[in-house]
Every structure is written in structure tokens, then in C-alpha cells.
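A short worksheet on the structure shown next.
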2 protein chains.
Amino acid sequence: MAARSPLKNRVQIQKISPMVDCGRYAAKAVAGDDVVVGADVFREGHDKIAAVVRYRGPSDSGWREAPLRLDTNDRWYGHFHVDEMGPWRYHVLGWTDHYASWLDGLTKKHAAGQRDLDPELEEGALLLERRKRLPKAARQVCDEVIALLRGDAGLDDKVAAAVDPDLVALLERHPERLDATQSRPDLPLWVDRERARFSAWYEMFPRSEGATETTSGTFAEAAKRLPAIADMGFDVVYLPPIHPIGRTGRKGRGGPHDLAPGPDDPGVPWAIGSEAGGHTAVHPDLGTIDDFDDFVGEARRFGLEVALDFAIQCSPDHPWVREHPEWFKHRPDGSIAYAENPPKKYQDIYPIDFDTEDAEGLWNELRHVVEFWMDHGVKIFRVDNPHTKALPFWEWLIAEIRVDHPETIFLAEAFTRPKMMQTLAKLGFNQSYTYFAWRNTKHELTDYTVELAHGGMVDYYRPNFWPNTPDILTEYLQHGGRPAFKIRLVLAAMLSPSYGIYSGYELRENEPLHEGSEEYYESEKYRYKPRDWNRPDSLAPYITRVNRIRHEHRALHDLRNVWFHHIANEQLICFSKVAPGRTEPILVIVNLDPHHAHEATTWLDLWQLGLEHAGPYEAHDLITDTTHIWHGPENYVRLDPDVEPAHVLSLRAL
Amino acid sequence: MAARSPLKNRVQIQKISPMVDCGRYAAKAVAGDDVVVGADVFREGHDKIAAVVRYRGPSDSGWREAPLRLDTNDRWYGHFHVDEMGPWRYHVLGWTDHYASWLDGLTKKHAAGQRDLDPELEEGALLLERRKRLPKAARQVCDEVIALLRGDAGLDDKVAAAVDPDLVALLERHPERLDATQSRPDLPLWVDRERARFSAWYEMFPRSEGATETTSGTFAEAAKRLPAIADMGFDVVYLPPIHPIGRTGRKGRGGPHDLAPGPDDPGVPWAIGSEAGGHTAVHPDLGTIDDFDDFVGEARRFGLEVALDFAIQCSPDHPWVREHPEWFKHRPDGSIAYAENPPKKYQDIYPIDFDTEDAEGLWNELRHVVEFWMDHGVKIFRVDNPHTKALPFWEWLIAEIRVDHPETIFLAEAFTRPKMMQTLAKLGFNQSYTYFAWRNTKHELTDYTVELAHGGMVDYYRPNFWPNTPDILTEYLQHGGRPAFKIRLVLAAMLSPSYGIYSGYELRENEPLHEGSEEYYESEKYRYKPRDWNRPDSLAPYITRVNRIRHEHRALHDLRNVWFHHIANEQLICFSKVAPGRTEPILVIVNLDPHHAHEATTWLDLWQLGLEHAGPYEAHDLITDTTHIWHGPENYVRLDPDVEPAHVLSLRAL
């Protein structure tokens, strides 16, 4: 037998949570979180054990620790506070608590009326005696207890001294860890700023602001729109690509099948690059880089952050095509391969060839692009189709950027198969698009939200719910009228801590390219689209109210806290969120049918709402500013979509 | 940027199964198995990928491999055959299949009617041309195809040559793995002999055979019982400890509370050790070690294996108490600590102190005990209360024994919390006791079996179902009469590949120590218990039939294949098992109510039974040897417990 200490690794530690793919990837949190850690911790026999989570942040020179407490069935939980962005690590440490084990036996025997406990008391004295390393004051307390245990006090007094809570607390503060097990490997945790989890996005094409049908708007014009966006309560203004647009293969204003652009048709912003420059240039029609800087500064003045699109693809006119032909795939005839999804062809786009022999040059240049815009005040990037680029590149890029800029946020725009979407989040993307746009029924919305909030994904995948995008005008919005826009807004904004809308939503733009298509008619992707923002029927006031509710109620800043309650109507959905400690509950009830009024009785899980001991309670509707007095789990609700399709209720025990 | 090859780790490999605790522990299989391996495998974009599982057994000098095939949603499956006991390892390898990707694009364009595919065809020729390392014959085939692709054949002929299945198969046999990802770490798999999974156990106290109320039986007498046990169809005869029994603190024949043993009371076999010896001695009343060897030889002659009890505890009279006092915990007064579960005291048992400073000596001696009995032909050990011994010890012991004796089987007798029971299996125990004895209702039996068979446990935890043990006479057996014994036997034997009974079961011994107790009245643990095995009402013929069914039907040798079917009566349970490929289905229907007849209609999942395309099929009852013709999923069943409480049906399409 190899020499081994019987006192090591005596405690089993298994199934630590959070843990993403065995620790291969980092779990995520935001600064200010109390990160909850769980683990199965146990050992043989009846001895008592103790456990802590040990953790260290980027500025820590050593491990800090926080206690774990037994929940049930050998599962322990504790939490630690993360107060700094960047990479954290943690592990669990468990050991036998010999004093607690001894105390447990002593008190059981004492309680059973056994009087001859001198050997037991001496065992306790010996346990205290061997604690040589205690600080002086603690050592003194122990010595006093030892003297008492060995002295001529009565048995009851001796037992009372042994169980004294101050002594027990003192020993817990200075634990004796003779046989400790440390979980391996250390698990990674990435801590973001809060914006990475809680954010309301507004997507706009700056070229449409101040535009005509044939002339482009500018950054300067677009900046005039910022106060209104801020007033609506958004946090992030996201701009599709602002770079020069190629001429070769340009699509006309007619849409995706219009291959004959007019001279004034501006082309698709994602066809990046022309003789005016590539990924680090701004479209001359929008202004100069200084104009962009002004736009960012103006946004900041109104409390908005600017998010840019990062789309790794080139128009045939992009400077890289000339300067770095090796970054593109060449056909046997020497031509560059355009994008294809056979038999479809996209002649206006050259994809980057991540199999290039010059990966080092390519990757560095792409990093340079990101850093260029960071130097211009951009900290948020919405990444276009990341699932069509080499995954090792994303893991490298995000890690590189984070070294000096942990505040950077990357949103993955991948609408693809689930495991790819999950993996992009694992690789480091801070937020991710979702299937929300196509989840309409109560069953679909419940299942999908539960999967995101109560499955393993919540540890690393931060959903960003979009009711619409320039590519997605859902059938529900096409046909549901004004109520549909309110319904989908409330669902997105209340279910997910991060959500966004594409501009025009407030004007209820709902005309598709053709029946059965999710493309917009007269899509802004292909043309300038000046709008009348001041239309009296705009949903802006409604959006403003929804965003204010989000900001004012902590419960809406998280996802793990969502809970679905029974309501006896398939067209009504009822869910809640609570602030930490099951406080400040928000209850949302939405009529999913934009065409008809529905009524039903709730069956609320009062425990989840922190109202299990409440009598009557106040349900204050934050949308309509009306108040009802409710009682217990059953309450009658009626929602007419033509009046208000949703209740957003702040509940308060009376 | 650090130099990195863009061609490495391009493919994602995640969530490999089986995988126990991230590979910390080995999954289990038995020699002859086709081990099914699953993994999420995918990459960015639309390129085609390929994957294999690579594996190596104890005698392999390199990796072997088997293909994985895409199932659905990026999940791939394959299997490899394990033909040898011992430690195996495996990992998954995935890579981009450039030829298949090219072929996919070519055939789509061709199918869409595109005729100008010369550049595409040249790309294919170049892909084939770069395959320099192919064997000569394969190289020649490629050269022919290249010539054809570049020649003046028609487009259709060129495409036909490119998709030729022989060419594709040839390229698959010699894959080009430019950007392969290899999963890490290699995952461990432990391969046992089949007995580790499929076994029927019979527990007997040899001292009762040929005994009187006051005199012990012997190995020689017990050996006479072996033919009958073999005739019943059991594989393993398990003996409680056969060692000398201590005198100090001996319990009398009256049972656990009888502290005044008579001179002829034999004591409890688990109070191991006297002046006659300890764990490597046999009780003098049973005979000599030579008599034991004869018993083992006789068992082998009848196709039975002998399993011994390994109980790491000592009577105060055990030689180790004198020879190794350091292996026991001493009280401050110098006495040795007896076993306690405060306030209960077990003065007749000294537990071993795994915290001893002489762990090396202790562990080696315990290994020596196991090896001693292995030298006497024992390859199976039923380990008593392993959850009260240091867990690192078990992991070490089992690994040590396996180095030279991979055929050894350890059964963990732990009736304790779930995670401890699971962990013992992870540490290496080949089989485990379960909660089966206390799962009586349809809901309980279904849930528990599904947890064992279709959760993660099935990869490492092999249940052994016992309807009774010397410690467990369940309420169900106490009150259910003869039908109860048949019901629990059929359930144990049909649900679990391994099961066992404690002798006396065939005689339906059902009298408890007192109402509400699971202890037997006049328990054999405390006394000799001669029995009349030839009673005409013995269940031995029924047991014989059940065991023969088990042996003759492959479906019953596995656990993963169990499937529960709907049957519209809460007192009837209906489940099936099938041989590989959904063949040779066995359907079991049991009336769980031992007191009343019940009837209902089945709703069989015909796909699970491999009968989805069948017309009428034969249902042959292997218990009663009667045959019914059944149709479709719905069939009427009536089971009267006083006639036969269970159908065990072999189904066969007509």
C-alpha cells in the first residue's frame, strides 16, 4: 500500500453548483450578487461535518470563505458576495467537526438520563485541549471550559458549558480541519456589471433619422432621437452596422430579391465595406468618426449606452478583400467564394474563411476592430450570426478583450439549434437571443421560461427577449393589432431581465413582405425609413410605463426568481417575481389572446410570493394605477385586450 | 495572440455518456456488452462532421474506434464491444468531413438544376488529390474519380462518380482529420464478468443445516443443501459470517434484547472473533478450513458460487483487540469504545477506528482478509454496512483487489441515504442493496425502477433486489400470505437482473418479533434454525420456475430495457423487457394486492415490445404454460392472487 493519511479526503464532495460542463466553462454572475453555491457533502457514519465555499476575486490575494449549511438529503448551500467584475474561482471544503460530533453524543446521552458521563466529559476536555492554535482569547475560553469539565461542578452545568452557543460559535470561527476534503478543480465564475443581465435595448437604424426616401440621415440627426429613447426608459441603443456599404451585388430597396438597386438605394448595412473603408470606418453618409463620437457622448448624457453590431463578413468591395485575400476562400478559378447555402447564393457577401493559414493575422485584426470601437466609447457588441464563425475564435476573442475590459458585453445573435446557442454562452457571450419571438401559447411560454430559468442554463445563459427584430415580424404581431404589441412587450419585459425592441414597434409596424413571411414590407434593411414618432397612437407612453416598472422593482432584475401560478384559463398566463428573501412581489397576468376578453380565477402559490402568512393584501396595478384588495390564492381576474391586456401587480400585505 | 492552429479543436464535443461525476468514477459494463456512447458533437456553419468513439481495453496496445452517428439535435451515438474484464477507457473524436461537405453542396446544386458546376467539380478533385496518405488501392480509386471529374464525361456521370457509395465508404474508412477535437479527459469504464449484473442469490446460515435447537450444523451438513439450491436456479450462495463468535456481550437466542444467553445460544455471527480466531478463521462448530474448502468445491460442482460476508467489526474477544489495540478507539479511561448510536449502546461490538494512526497496517490487514478468502475460492463478497467505514478505504481496497482479480464482486449492504448508496457504487462496489423491500405500490415500484434504470444511476449502480433479509421481514410479507411471497419474488426477479432471497422465504416464514417490527420471531441471527425443506407447500417449485425463466430469457439479464406500460388498475403493474434490438419481449403483469382478484385492460406500447408492425401475437405465460392470442395494445387481464398473482408472458408475433 502506498503511504496515505487516513485523515485526508474523508469527506465526499459532489455535484457542486453552479458548475458548467464540469468546470470547463465559467458560470456567470453580476457584481453585487450573492452567488449561491450548493454541494453534496457527507461522510461515513454518524459524525458531524462542516463545509465552506472558498472563493477569490480578481483582486484577492488569497481565499475568502463562507459557510455552507445542510439543507436536506446531504445537500448543502451557502453563498458568497461578488463585488468586482472579472474572473472569480471557488471550491468547496468539507471536514469532520469532531467537537460537534462529541457534543451530539453527549447531549443525546444526557437527554436520555445517563448520569455517568465522566469519560465523555474528559473526551470533550481533550478535544478542546488539542486546539493549540487558537488565538489567545479563544484559547482562554477553552481553558475555562476544560477546567469546568474536569472540575467538581454538577453534570448539568458541565453539559451546559459544553453546549454554550458562544463556545460553539468560537470553535466554528476557528475550525479544526484535520481531515478536510477540497473539491477539485477550482470552478470558474465570471462576474459582469449588472447591465449584462438587466437591460432594455432599443434597435435603430441611424440612417433613417432625418432621412428622406432617397437621402440618408446622419449621426447628428439620429442623436436628436436619443432623448425620446431615454425617456422611454431604455438602457441600450443598438445600431446595425454603421460602416460603408458595398456596391457590388447591392440589393435594391425592393427587398431581398431586388437585384437592381436604384442609384439612391442605400443597400444592406450588413454588406460591410467599400472603397470608403471597412469595419473600422463609418459610412460617409452618416458623418465622420467624430460625429459618431458625438453620438456616443450624447447617448451617455441621456444615460444610454451605444451597442454596435459586429458582423464578420465583407462585401466584395471591402478593403480586406484586396489587402488580405488569404482571409477568404478561393475557388479553383481564382475567384473568391461568395456565401452560399446551396442552392441559395449570396453574391453580395464574402464570408471570412476561418480555415485561413493566417489565422493569427485574421484573429488579431478582428480583435483590433473591437478595440477600435471600444476606444470610441462602445462597450456593448451585438454579434451577428456568431454560430457561423469558428467557435474557438469567440472563446479567444472574448477572453482577450476581458483582460483589460471586463465591462464589455457581447450579445450573441444566434437563432439556431439549442446546443450551439448554449455553447456560445458557455464560450463567454454575456447575453443571447432566444426563441421567445416564436413562443406564443401559455404552454410554450411557460416551458421555455422554465427551461431558461430553472434548468442548468440559468448559470451561464442570459436570455434577451425580442418581440421583433428587423428580420422577425412574427405572425402574432402581424395579426394581433395593438393588443398584440402590448402583450408581447409586457411578456418580454417582465419575463426576461433583458429584452429589446426594434424601432417601429411603438408605431405597431406590422405589414409583412407577403403573407407567410416574417420580413417587413418596405424593410428598413434595404431603404431609408423616416417615421413620424409623434403619432398620437404611439405605444411610447405604454413602453415608458413598462420600463419604469422594470427599473423601480428589483424583482424584475433577475430570472431565477420567476414562478408560474395556476390560472384556470388557457389564454391567461400568470407569473411572479420576487426580490431577494421573497420580498416585494410582482405578479403579472397577461391575456394571450389579442382578440377576446378572458376571465378566470387565479390559484396563487402564496409561499412563492412571500405572502403565506398574509391576510388580505393589496394588489396595485402598476399599469393602470388602480388598487384591489385580494385574499388568499383565489382571485378573480378579467382582462379585455381592447382595454388592458395585462395586469402588472405589486403585491403588499396589509 | 499566442500562435494557434485554426485547424484544431474546431468541433465541439460535450456531454459524453456514460460519464460518472465528470469522469472521476468509472461507468460499469460487463464483458460481452455493446457499450453505447453518446455525445453532443457539432461545429459552426453548415459543414458536415464525423465522429468516432475511441476505446481501449486492458490488453489493447492502442486505441480502437467505432463510428458515432447523428441521432437528432446534435446528439450522436455509437457503441463498442467490450470483450475483456478490467479497466477500459474511451473518448470521442470529432472532425470536419470536407469531402462530405463538398458533396452535400454539389448534390444540392445539381438537384436544383444548376449545370455550370465545373468549379465545384474541380474543388472535389482537389479534395481527393490532397489525400496522399491513402493505401495504394484506395489512392488508385481516387485517381480514377479525379480523372473522371476533370475529363469530358457528362455532368450527371461526374456527380454520380462523386456520390458513389463505394467511394464514400472508402473515404470514411480512411478519414482525413485535419481539425479534429479529442474529448478530454479519457473516461474510465470498468468491465466486470456477467455475474456482476445478472445473478440470483440465496442467503443461508450454514449453522442451521443439520442443527438442533442446541447444536450447530456444519459445512458438511450445509453442503447437502447445495443441490436443492442449485435446482431452484440460484447462482450465488451467500453465507453470513462463518467466523468464531465472541462470548463477551453475546446476545441470547431471545433476540436483540436478550442479554442473558444460555450456554448453548450460539450468538450473532456478526460479533466476529474469539480466542478461536478472527476474520480469517472459521467457527470451530462449522468445521475446519478444509471443510469450508470442500463446501466451496461442492457448490462449484453444482454451478454455484459462494459469497462471504465481509463485516469490519470485532467482538471484544477478537484477536485484533489484543494484537492491534491501536486499531480501536480508546476512551480516556483506557477502555475501548464500543459501538454506540447515542443513546443506544452495542457493548458486544467494537468498531474499527479508521482514524487510527496505523491506517497502513489496518488497510493491509483488511486486504489480507479478502485475499485469504479469495485463496479459498471466494470471488464474491457481501460487505456489511460499508457506509460506516471510511470511503477512501473502499476505493483503495477494491482497486487493489482488482489489479489481479477483476472477477471479484463486492455487494454493498448499505441501507442509508441515497447519495451514500450511490457513492459506494461509484467507488467500485459492483452491486448494491436497494430500497426495493419497501416499495410496494405501483407508483413506488414504477418511480423507483425508473430512477434506477433510466436516470444516471444505471451507468454505475447495479441494484440487487431482496424481498427479505435476516434483518428485514416486511409488513407486506407478514400480512400478505402465500400470494405476497409470490408477488414479491416475481417483482424482484423480473425487475432487477440481480435479486436474492434469504432462506425460509420458500417456507413463507412471516412471523415478526412483535407487531410493527421487521425482525423475525425466533430470528436465525440469534439461534440455530433447522427447517423442513420438504414441506409440500414450499414455494421451491415456483422459485425454480421463476429462475428458469430468468436464465432462459436474455431480456431479463438487463435493467436499461425495462419499460412500464399503462394498465387501467392501480393494483396491477405491467412492465416489459426486451433483448437487444427490441426482440424476444417478456411482458410481466402483477397483481400487487395479495388479497383480492383484479382485472383491467392493458395499453401496451407496442413499439417498445418490437411488435409495432405485428398483427395478432402469441402471449405465452411462462408461469402457467398457457397461451393466449392477443391483438394490439388493448388486452384484458384478470389476476386472482389465490390462483396466480402474476403473468410472465413471452410475446411472439404470429
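Computed values, structure above
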{"item": "Members of the range B:340-353 found to be in contact with an Asp or Glu (Cβ under 8 Å, 6 or more places away or on another chain) and within 7 Å of another protein chain (Cβ to nearest Cβ), listed by number", "result": "B:Pro342"}
{"item": "Residue satisfying all of: in the range A:128-141; over 25 Å from B:Ala337 (Cα atoms) and surrounded by 12 or more Cβ atoms within 10 Å (Cβ to Cβ); farthest from the other protein chains (Cβ to nearest Cβ) among these", "result": "A:Ala138"}
{"item": "Test: residue in the range B:143-154 that is in contact with a Gly (Cβ under 9 Å, 6 or more places away or on another chain), over 30 Å from B:Pro18 (Cβ atoms) and touching a residue at least 24 places away in the same chain (Cβ under 8 Å)", "result": "yes"}
{"item": "Extreme residue, surrounded by the fewest Cβ atoms within 10 Å (Cβ to Cβ), among residues of the range B:526-569 that are under 23 Å from the mean Cα position of the chain (by Cα) and part of a strand (DSSP E or B)", "result": "B:Phe564"}
{"item": "Members of the range B:539-567 that are more than 25 Å from B:Arg638 (Cα to Cα) and either in contact with a Leu (Cβ under 6 Å, 6 or more places away or on another chain) or among the polar types (S, T, N, Q) (or both)", "result": "B:Asn561"}
{"item": "The listed residue being more than 9 Å from chain A (Cβ to nearest Cβ), of a type in the set (Asp, Glu) and more than 20 Å from the chain's Cα centre (by Cα), out of B:Asp47, B:Asp33", "result": "B:Asp47"}
{"item": "Unique residue being under 30 Å from A:Arg130 (Cβ atoms) and in a strand (DSSP E or B) when the list is A:Pro87, A:Pro67", "result": "A:Pro67"}
{"item": "Given (1) assigned to a helix (DSSP H, G or I); (2) over 30 Å from A:Glu506 (Cβ atoms), number of the condition A:Glu298 does not satisfy", "result": "(2)"}
{"item": "Close pairs from the range A:410-433: first on the phi > 0 side of the Ramachandran plot, partner among the small types (Gly, Ala, Ser), Cβ under 7 Å, at least 6 apart", "result": "A:Gly428/A:Ala399"}
{"item": "Members of the range A:363-392 found to be among the small types (Gly, Ala, Ser) and facing another protein chain (nearest Cβ under 7 Å), listed by number", "result": "A:Ala390"}
{"item": "Qualifying residue in the range B:75-83 (condition: under 30 Å from B:Cys22 (Cβ atoms), outside any helix (DSSP H, G or I) and within 14 Å of chain A (Cβ to nearest Cβ))", "result": "yes"}
{"item": "From A:Ala180, A:Ala160, A:Ala125, residue being of a type outside the set (S, T, N, Q) and more than 14 Å from chain B (Cβ to nearest Cβ)", "result": "A:Ala160"}
{"item": "Considering residues of the range B:107-120 that are among the aliphatic types (A, V, I, L, M) and under 18 Å from A:Tyr338 (Cβ atoms) only, the residue farthest from the other protein chains (Cβ to nearest Cβ)", "result": "B:Leu117"}
{"item": "B:Trp320 vs. criteria assigned to a helix (DSSP H, G or I), surrounded by 18 or more Cβ atoms within 10 Å (Cβ to Cβ), free of Cβ contacts under 8 Å to residues at least 60 places away in the same chain and more than 14 Å from chain A (Cβ to nearest Cβ)", "result": "yes"}
{"item": "Residue under evaluation A:Leu103, criteria (1) outside any helix (DSSP H, G or I); (2) surrounded by 15 or more Cβ atoms within 10 Å (Cβ to Cβ), criterion not met", "result": "(1)"}
{"item": "Condition met for A:Gly267 (under 24 Å from A:Gly278 (Cβ atoms), buried (at least 18 other Cβ atoms within 10 Å of the Cβ) and in contact (Cβ under 8 Å) with a residue 24 or more places away in the chain)", "result": "yes"}
{"item": "Boolean, B:Leu7 is modelled with pLDDT under 95, surrounded by fewer than 22 Cβ atoms within 10 Å (Cβ to Cβ) and not basic (Lys, Arg)", "result": "yes"}
{"item": "A:Thr446 more than 18 Å from A:Val236 (Cβ to Cβ) and surrounded by 18 or more Cβ atoms within 10 Å (Cβ to Cβ)", "result": "no"}
{"item": "Test result for A:Glu360, in a helix (DSSP H, G or I), among the acidic types (Asp, Glu) and at the interface with chain B (Cβ under 9 Å from one of its Cβ atoms)", "result": "yes"}
{"item": "Wholly within the range B:6-62, strands (runs of 3 or more DSSP E) carrying at least 1 residues that are free of Cβ contacts under 8 Å to residues at least 40 places away in the same chain", "result": "B:12-17, B:34-42, B:49-56"}
{"item": "Selection status of A:Ser101, under 29 Å from the mean Cα position of the chain (by Cα) and either within 14 Å of chain B (Cβ to nearest Cβ) or polar (S, T, N, Q) (or both)", "result": "no"}
{"item": "Among (1) at the interface with chain A (Cβ under 9 Å from one of its Cβ atoms); (2) modelled with pLDDT of 95 or more - the single one B:Gly38 does not satisfy", "result": "(1)"}
{"item": "Matching residues in the range B:323-334 - criterion: being more than 14 Å from every other protein chain (Cβ to nearest Cβ) and without any contact (Cβ under 8 Å) to a residue 12 or more places away in the chain", "result": "B:Glu323, B:Pro325"}
{"item": "Of the criteria (1) of a type in the set (A, V, I, L, M); (2) under 32 Å from the mean Cα position of the chain (by Cα); (3) within 10 Å of chain B (Cβ to nearest Cβ), which one A:Ala337 fails", "result": "(2)"}
{"item": "Near pairs, Cβ below 6 angstrom, 6+ apart or cross-chain, from the range A:158-180 (more than 15 Å from A:Val141 (Cα to Cα)) to any residue that is outside any loop (DSSP other than H, G, I, E, B) and among the hydroxyl-bearing types (Ser, Thr, Tyr)", "result": "A:Asp179/A:Thr96"}
{"item": "Residue within the range A:327-337 that is at pLDDT 95 or above, crowded, with 18+ Cβ neighbours inside 10 Å, touching a strand residue (DSSP E or B) at 6+ places or on another chain (Cβ under 8 Å) and closer than 25 Å to A:Ala359 by Cβ present", "result": "yes"}
{"item": "Filter pass, B:Asp152 being over 21 Å from B:His174 (Cα atoms), away from every other protein chain (no Cβ under 14 Å) and part of a helix (DSSP H, G or I)", "result": "no"}
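Conditions tested, residue by residue: (1) more than 14 Å from every other protein chain (Cβ to nearest Cβ); (2) in contact with a Gly (Cβ under 8 Å, 6 or more places away or on another chain); (3) closer than 17 Å to A:Leu559 by Cα; (4) not in a loop (DSSP other than H, G, I, E, B).
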{"site": "A:Ala399", "(1), (2), (3), (4)": "no, yes, no, yes"}
{"site": "A:Arg402", "(1), (2), (3), (4)": "yes, yes, no, yes"}
{"site": "A:Glu407", "(1), (2), (3), (4)": "yes, no, no, no"}
{"site": "A:Met421", "(1), (2), (3), (4)": "no, no, no, yes"}
{"site": "A:Leu424", "(1), (2), (3), (4)": "no, no, no, yes"}
{"site": "A:Thr434", "(1), (2), (3), (4)": "yes, no, yes, no"}
{"site": "A:Leu445", "(1), (2), (3), (4)": "yes, no, yes, yes"}
{"site": "A:Leu452", "(1), (2), (3), (4)": "yes, no, yes, yes"}
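The values are calculated or read from the model by the stated rules, or taken from the named source; none is laboratory data. From a predicted model like this one, the values you see are computed outputs, not experimental measurements. Methodologically, a virtual Cβ is constructed for each residue, glycine included, from the backbone with ideal geometry; neighbour enumeration extends over all protein chains shown.
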